[in-house]
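See below for the structure under consideration.
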Amino acid sequence: MASKTQPAFDYLVGDDSFLDPLRTDAHEPDKARCVVIPFGLEQSVSYGGGTAAGPQAIIDASHQLELFDEEFWAEPYGRYGIAALRAQPVAPKVADALDQLEGTVESVLAAGRFPFVLGGEHSLTAGAIRPFARRYNDLVVLQFDAHADLRDGYLGEHFSHASAMRRVLDNTNVSLVSVGIRAVSSEEIAFYESNRDRIAIHWSKDQAHWDIEEIVGPLRGRPVYVTFDIDGLDSAIMPATGTPTPGGIPYLTALAILRRASEVSTIVGADLVEFAPIAGLHAFDYTAAHLAYKMMNYALAGSISRTDS
């Protein structure tokens, strides 16, 4: 149950919220542990656009998801509850938008709840992470992405989407585990080589040899924030993003890593970013919504009770 001193949130009504409007808790948002924060930031995109429309497309598609999850052998949302905030206008300057999102995430955390941000471009993670960095001395960010995002600014924007993880690492108590990287600049390699004590990269080219236990090893027993750039997925199944890059992560592989991460660590918050819907191709909206629900389930639904194939 939410605290009596929680801030007053402007929730979407059940019919417009995340998941099936007929679910049992659809009209009881104050009881939900997970709070979806739609944040359609689109200010520093450098190739394909459309991320501003991502959050609403994901919410709309979520209404078509089955609530039963065969991994949990249950409807996991019933263990934690989901509410969604009404989207607010995003500040036009990236720096101001990050401050805006920081305040919203802080309010959700102050109410003892789990923030799940739907983006929007990846630059938003630099704002979303700040309240977590203040709370946890040994925070780890688990990043799924095609791009390293370690540039120190791009095209004149210090808080560019291409700098998302560099700005996250401005918090000196935060470390980074990146999965699926296959697009990186020389500048980023230099930064990575100088910060190997804080950054572990699992390159997409090495997928055949990935060891999930090695990937999640640095997360063990620690608080983890998951940031999932949807271009981390194989672009054959997810081309609806600004820079679809070949050679990405298969969907079930991504879920297996998320699942194991949830078993060895405490996931304290998450975002799903860079989804840019393509008109008329609703399969991608549905995939993004399914991924969001799975991320919530792994983080919040507790132990998985049945794994039969």
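The values are calculated or read from the model by the stated rules, or taken from the named source; none is laboratory data. Being a predicted model, the structure only gives us computed values, none of them experimental. All Cβ positions, glycine included, derive from the backbone under ideal geometry; neighbour counts span all protein chains shown.
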* Asked: In the range 286-301, how many residues are farther than 16 Å from M238 by Cβ and in a helix (DSSP H, G or I)?
  -> 5
* Asked: Looking at L150, L118, which is the one that is assigned to a loop (DSSP other than H, G, I, E, B) and either modelled with pLDDT of 95 or more or crowded, with 24+ Cβ neighbours inside 10 Å (or both)?
  -> L150
* Asked: So, of the residues in the range 168-206 that are among the aliphatic types (A, V, I, L, M), surrounded by fewer than 20 Cβ atoms within 10 Å (Cβ to Cβ) and part of a helix (DSSP H, G or I), which turns out to be farthest from the chain's Cα centre (by Cα)?
  -> A190
* Determine which member of the set A256, A283 is touching a residue at least 24 places away in the same chain (Cβ under 8 Å) and among the aliphatic types (A, V, I, L, M). => A256
* To do: Would you check if S160 is of a type in the set (G, A, S) and more than 23 Å from P244 (Cβ to Cβ)?
  => no
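Scan the range 121-131 and tell me whether some residue there is without any contact (Cβ under 8 Å) to a residue 60 or more places away in the chain, over 25 Å from S107 (Cα atoms) and either within 19 Å of the chain's Cα centre (by Cα) or surrounded by 15 or more Cβ atoms within 10 Å (Cβ to Cβ) (or both).
No, that holds for no residue.
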* Test A279 against the criterion of being of a type in the set (A, V, I, L, M, F, W, C), modelled with pLDDT of 95 or more and not in a strand (DSSP E or B), and give yes or no. => no
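If you take the residues of the range 88-104 that are part of a helix (DSSP H, G or I) and touching a residue at least 40 places away in the same chain (Cβ under 8 Å), which of them is surrounded by the most Cβ atoms within 10 Å (Cβ to Cβ)? Give the steps one after another, and end with the answer.
Filtering the range 88-104 down to residues part of a helix (DSSP H, G or I) leaves 94-104.
Checking which are touching a residue at least 40 places away in the same chain (Cβ under 8 Å) leaves us with 94-95, 97-98, 101, 104.
Values: V94: 23, A95: 15, A97: 25, L98: 23, L101: 30, T104: 21.
Looking at the filtered set, the residue picked out is L101.
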* **Matching residues in the range 227-256 - criterion: being in contact with a Ser or Thr (Cβ under 9 Å, 6 or more places away or on another chain) and either part of a strand (DSSP E or B) or among the hydroxyl-bearing types (S, T, Y) (or both)** => T227, D229, L233, S235, T241, T243, T245, I249, Y251
* Structure fact -> Picking from L139, L124, L155, the residue that is over 12 Å from D229 (Cα atoms) and at pLDDT 95 or above would be L139
